[in-house]
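Chemist: Let me give you the structure first, and then I'll get to my questions.
The values are calculated or read from the model by the stated rules, or taken from the named source; none is laboratory data. The structure displayed is predicted, hence computed values, not measured ones. Quick reminder, even Gly has a Cβ in these numbers, built from the backbone with ideal geometry, and neighbours come from all protein chains shown. Accessible surface areas use protein heavy atoms only, side chains included; no ligands, DNA or RNA. Shrake-Rupley method; radii C 1.70, N 1.55, O 1.52, S 1.80 Å.
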Amino acid sequence: MHVGYAAVLLLLLTASAGCARGTPDTSASEPQIVAVQPGTPPPASEPAAPPTPATKPAAPPTPQPERAAPPAPRAGTPGTQAASKGATPVAKPPAAAAPLDLKALEEELKETKAIGFFTKITLKNQVDDLLDKFREYHQGKAKLTMTDLRRSYDLLIMKVLSLLQDEDQKLAADIASSREAIWRLLADPTSFATLEV
Amino acid sequence: MKKPIVVLAQSLVLAAFFAMPSFADDEEALKKDLTAVIALHGLPCGEVIAAKVLAENDYAASCKDGNKYRVYLNAAGRVVVEKQK
């Protein structure tokens, strides 16, 4: 048995989702894409909205993550008091400027000496398990809510950061800064479906 | 003793001297790896203090708290941690 480091992409969720799986249910997710796309703004333009308590997707074709409309920062709201002092009410998406470079992350994870072979495989197993949950959620089969998924995602990220932060601070920082971008990728059914192709 | 033999003996001693830290490093890295894996599985251990190779990608780990585990990679590519008595 041989499991190469190439297979160990921690949040190389793309590669993990695309290669390791080949699930027969990808066709089942296609109707979702059609159903969700028209009403959903492009994921790249969305701010990192915190997950709200989720209601389970009622029917398989139209599960909708709880990120209905991107909340536009308003002057006067508590979080934007500092910004409201100036005359320019320009909404800046928080930390959304850094583009998500999964390839670079993949390379860094493959190369890092901060965690050993078994640890990488274990983390990949856990990433795969989480991806299974997301897949089920987007297909409307999951018993989990988006809040549950977010909790699992945060826990996994925390494990990864805990393992990396002492000996590979750069990678830990890269993952931390990509955290919301990866979440958006997973939470949005359209972008998640593109990972599976 | 003839000079070539002396030189050879010295070389071997030097090689052994420099090789030992490498083995020690590998051993420490393995213990650390197994410690992380056991913790990721949510099992009590504290720290792996001894690791024995059972086969390729198959180890017996002894923990500081007295627990013993077998850690191996199964055919499905999953890391399995089994508690041993």
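Chemist: Just counting partner chain Cβ atoms within 10 Å, what average do the residues of peptide B:62-73 show around their Cβ? Could the numbers behind the result be given before it?
Modeler: On the way: counts 0, 0, 0, 0, 0, 0, 0, 0, 0, 2, 1, 8.
Mean number of neighbouring Cβ atoms from other chains: 1.
Chemist: Next question. Give the calculated FRET efficiency between A:ASP101 and B:LYS83 to the nearest 0.05, with a Förster radius of 51 Å applied to their Cβ-Cβ distance. Before the final figure, lay out each step's value.
Modeler: Values: r = 40 Å, r/R0 = 0.79.
The computed FRET efficiency comes out at 0.80.
Chemist: So, one more: How much of A:GLU136 can a 1.4 Å solvent probe reach, expressed as accessible area in Å² and rounded to 10?
Modeler: Answer for A:GLU136: close to 90 Å² accessible.
Chemist: Show me, for segment B:29-42, the HN-Hα J-couplings you get by feeding each phi into the Karplus relation (A = 6.51, B = -1.76, C = 1.60, θ = phi - 60°), rounded to Hz, glycine and proline as x.
Modeler: Once θ is set to phi - 60°, the couplings for segment B:29-42 become 5, 5, 4, 5, 4, 5, 4, 5, 5, 4, 5, 5, 7, x Hz.
Chemist: Still on this structure, I have one more. Among all stretches of chain B without exposed GluC sites (Glu not before Pro) (DSSP loop, at most 15 other Cβ atoms within 10 Å), which one is longest?
Modeler: On the way: sites that count: B:GLU47, B:GLU56.
Of all site-free stretches, the longest is B:1-46.
Chemist: While we're on this one: Read phi for every residue in segment B:43-53 and hand back ³J(HN,Hα) as whole Hz from Karplus 6.51 cos²θ - 1.76 cosθ + 1.60, θ = phi - 60°, with x for Gly and Pro.
Modeler: With coefficients 6.51, -1.76 and 1.60, one gets 9, x, 7, x, 7, 7, 9, 8, 9, 10, 7 Hz.
Chemist: What FRET efficiency do you get for B:LYS2 and A:LYS110 if R0 is 41 Å and r is their Cβ-Cβ distance, rounded to the nearest 0.05? Provide the component values of the computation, followed by the final result.
Modeler: Details: r = 50 Å, r/R0 = 1.23.
FRET efficiency, B:LYS2 to A:LYS110: 0.20.
Chemist: Moving on to the next point. May I ask you to derive the FRET efficiency for B:ASP25 and B:ASN74 from their Cβ-Cβ distance with R0 = 35 Å, giving the value to the nearest 0.05?
Modeler: Working: r = 28 Å, r/R0 = 0.79.
Here the calculated transfer efficiency is 0.80.
Chemist: Moving to a separate point now. Among the lysines, which fall within straight-line cross-link reach of A:LYS113, defined as a Cα-Cα distance under 25 Å, with same-chain neighbours fewer than 8 residues apart omitted?
Modeler: Those lysines meeting the cut-off are A:LYS103, A:LYS124, A:LYS159, A:LYS170, B:LYS31, B:LYS32, B:LYS52, B:LYS64.
Chemist: A follow-up question, please. Using amide H atoms built 1.01 Å from N in the peptide plane, name the residues 5+ places from B:ILE49, or on other chains, whose amide H lies under 5 Å from its own.
Modeler: Amide H neighbours of B:ILE49: B:SER62, B:CYS63, B:LYS64.
Chemist: May I ask you to compute the full-extension gain from A:LEU155 to A:GLU136, defined as 0.36 nm times their residue separation minus their alpha-carbon distance, rounded to one decimal in nm? Please report the intermediate quantities before stating the final value.
Modeler: Numbers: separation 19, 0.36 × 19 = 6.84 nm, distance 1.91 nm.
The span from A:LEU155 to A:GLU136 would gain 4.9 nm if fully extended.
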